[in-house]
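Reviewing the structure listed below.
The values are calculated or read from the model by the stated rules, or taken from the named source; none is laboratory data. What you see is a predicted model; the values in this text were computed from it and never measured. In this analysis, Cβ positions are derived from the backbone assuming ideal geometry, glycine residues included, and neighbour counts consider all displayed protein chains. Please note that ligands, DNA and RNA were not included when accessible areas were found on the heavy atoms of the full protein model with its side chains. Shrake-Rupley method; radii C 1.70, N 1.55, O 1.52, S 1.80 Å.
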Amino acid sequence: MKDSICPLNSSLKDVLVCVNSEPAGIAFIVDDFKKFKGVLTDGDVRRLLIKGYNVTDSISDLNFNKCVYAYKGDKIDDLIQKTNNKIRIIPILNKIHEPVDYFRNEHKTFFTPVAEPKFLGNELKYVNDAMLSTWISSKGKYIDRFEKGFSKFCEVDYGVSTSNGTVAIHLALLALGIGKGDEVIIPDLTFAATINAVIHSGAKPVIVDVDIDRWTISPNSIKKAVNKNTKAIIPVHIYGQPCEMDKIMTIASEMNLFVIEDCAEAHGATFNQKKVGSFGNISTFSFFGNKIITTGEGGMCVTNSSKLNNNMRILRDHGMSTDKKYWHDFVGYNYRMTNIQAAIGCAQLENINKKLGLNQQIENAYKSIIKNESIIWQNTFSNTNKVVWLVCAVVEKYRDDIVNELLKYKIDSRPFFYPLSSMPIYRKYSHSNKNSLLISKRGINLPTVDNVDIKIINMIFNKFYS
Ligand SMILES: *Cc1c(COP(=O)(O)O)cnc(C)c1O
């Protein structure tokens, strides 16, 4: 700060020396009595030079009247109020009008999203390679490599890549022969893609409640909802938390039901030392831009059954016969991933454990900085290794006020998903929903991006729960 204070009798060159001395890139101009006059940035100097000034000219005749400033001790809210797209730095003066500090709103002028893709390795290289190979559509070496690599990561034999995570669920239902007249049990607390895929298959979704501590589908509620038409259960490992797969698989085998795990938010999580995605008949993943790893848009079905693997491939590729080209045995779909997407996926997969580790570190940082009894972090369970996708908590009250307050600081957060049963289009499928209503009303997802300012988030929580 000291080196960036510049007396009024300086030249433009002196100003540039001051600007250069401070990371904020700004010179604080003071008069002979060290009182604040105004600021100059390198942009200001550039504009003066263009106007015809020389670097040796003095700045004493410039007009500094319009400069915004604040006083030491002013509230952070007031400081933020004074910043905008153009004014990002506010000089802070002491009582006798000398500049003593400045407030910089740089990181807050950029929006902090809840999640963003991270390219830690070979993404560009592989995409480039795919482009140069001209195999940019749905054939090419990266597709096979991504399917093999990702299914191996899930400890499952086969992977069938798809254009997104929603059609992966649809494809799984189709391959299992589920459709009209069948019922499929799903949890009330999930992203709508789960239920939409069931409805598009022609089957009837049956919405059941979630467990109050785990937030995942309640095995007891599943049992109550089973009837003679029930064909499958779709447990969703919501917010990185594995469902109670032991109980669910027992129910499924007793009642002769298929299991499709929706793993869109839980790549790499384990239950009893076993990866999610390796329990069900088919499991589905999403690689949307904000998920744990991404291919832009994309998804995958994984299975240990070679028969289901073949069914899915045929249905995904227009229902075309694998022996006889352009001969169609089924009314199929085009649900394929492109080689370019798979190229991104291969690079993402190389660093998936690193990404999961980084997300975990961010969650740990939240827990160590924010210590407030009104905030209950997502639970952990001894037989379960949840993964961190977004940082999740349920709060006592004021959830929506907190979301709005965070937005004022340009920090995005999300209320938990609305329970499916709360939306008119899905209400008729609902079976039970007490816990999901409670959790959804109080749940908040916080950013897992690198530069998230957890101290500011802590300050906001403390405003509400002091
Ligand atoms: C993201 C998501 C999906 C759908 O994935 P898309 O790739 O966006 O189609 C399905 N289920 C859950 C639980 C999800 O979070």
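For residues in region 431-463 being under 21 Å from I212 (Cβ atoms) and in contact with an Asp or Glu (Cβ under 7 Å, 6 or more places away or on another chain), which is surrounded by the fewest Cβ atoms within 10 Å (Cβ to Cβ)?
K434
Here are the criteria: (1) under 23 Å from D450 (Cα atoms); (2) in a helix (DSSP H, G or I). Tell me which single one I376 does not satisfy.
Single failed check for I376: (2).
Among the residues of region 378-421, which ones are surrounded by 18 or more Cβ atoms within 10 Å (Cβ to Cβ) and of a type in the set (F, W, Y)?
Selection gives W389, Y409, F416, F417.
What number of residues within region 165-215 satisfy the criterion of being in contact (Cβ under 8 Å) with a residue 12 or more places away in the chain and away from the ligand (no atom under 11 Å from the Cβ)?
32
Go through D74, D57, D42 for me and flag whichever is in contact (Cβ under 8 Å) with a residue 12 or more places away in the chain and over 17 Å from I90 (Cα atoms).
Criteria check complete, one pass: D57.
Please give the number of the condition D129 fails out of (1) acidic (D, E); (2) outside any helix (DSSP H, G or I); (3) more than 16 Å from the ligand (Cβ to nearest atom).
(2)
Restricted to region 292-308, and to residues that are open to solvent by 10 Å² or more (accessible area, probe 1.4 Å) and within 14 Å of the chain's Cα centre (by Cα), which residue is nearest to the ligand (Cβ to nearest atom)?
Only one residue tops the list, namely E297.
Please specify each residue of region 413-432 satisfying the condition of being part of a loop (DSSP other than H, G, I, E, B) and modelled with pLDDT of 95 or more.
S413, F416, F417, Y418, P419, M423, K428, Y429
Can you list the strands (runs of 3 or more DSSP E) lying wholly within region 17-120 that have 1 or more residues being touching a Gly at 6+ places or on another chain (Cβ under 9 Å) and over 28 Å from I456 (Cβ atoms)?
Qualifying strands (runs of 3 or more DSSP E): 26-30.
Considering every residue within region 315-338, establish whether at least one is within 24 Å of R145 (Cβ to Cβ), open to solvent by less than 10 Å² (accessible area, probe 1.4 Å) and within 16 Å of the ligand (Cβ to nearest atom).
yes
Let's see how each residue does on (1) more than 32 Å from the chain's Cα centre (by Cα); (2) within 19 Å of F28 (Cα to Cα):
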| position | (1), (2) |
| --- | --- |
| D61 | yes, yes |
| Y71 | yes, yes |
| K82 | no, yes |
| N85 | no, no |
| N94 | yes, yes |
| E116 | no, no |
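Those residues that are aromatic (F, W, Y) and on the phi < 0 side of the Ramachandran plot, I need them from region 167-218; list them, please.
F191, the sole residue that qualifies.
Residues checked against (1) within 15 Å of the ligand (Cβ to nearest atom); (2) over 25 Å from D144 (Cβ atoms); (3) surrounded by fewer than 19 Cβ atoms within 10 Å (Cβ to Cβ):
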| position | (1), (2), (3) |
| --- | --- |
| P235 | yes, yes, no |
| Y239 | yes, yes, no |
| M255 | no, yes, yes |
| C263 | yes, no, no |
| F271 | no, yes, no |
| K275 | no, no, no |
| G280 | yes, no, no |
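Taking into account only those residues within region 282-291 that are crowded, with 24+ Cβ neighbours inside 10 Å and outside any loop (DSSP other than H, G, I, E, B), which is farthest from the ligand (Cβ to nearest atom)?
Only one residue fits best here, namely I282.
Just the residues that are open to solvent by 50 Å² or more (accessible area, probe 1.4 Å) and among the hydrophobic types (A, V, I, L, M, F, W, C), please, taken from region 113-151.
Matches in region 113-151: F119, L120, L124, M131, L132, W135, I136.
It is to be established whether one or more residues within region 253-270 are free of Cβ contacts under 8 Å to residues at least 12 places away in the same chain and small (G, A, S).
The answer is yes; a qualifying residue exists.
Let's see how each residue does on (1) among the small types (G, A, S); (2) buried (at least 20 other Cβ atoms within 10 Å of the Cβ):
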position: F153; (1), (2): no, no
position: V160; (1), (2): no, yes
position: S163; (1), (2): yes, yes
position: G179; (1), (2): yes, no
position: V198; (1), (2): no, yes
position: A203; (1), (2): yes, yes
position: I212; (1), (2): no, no
position: S221; (1), (2): yes, yes
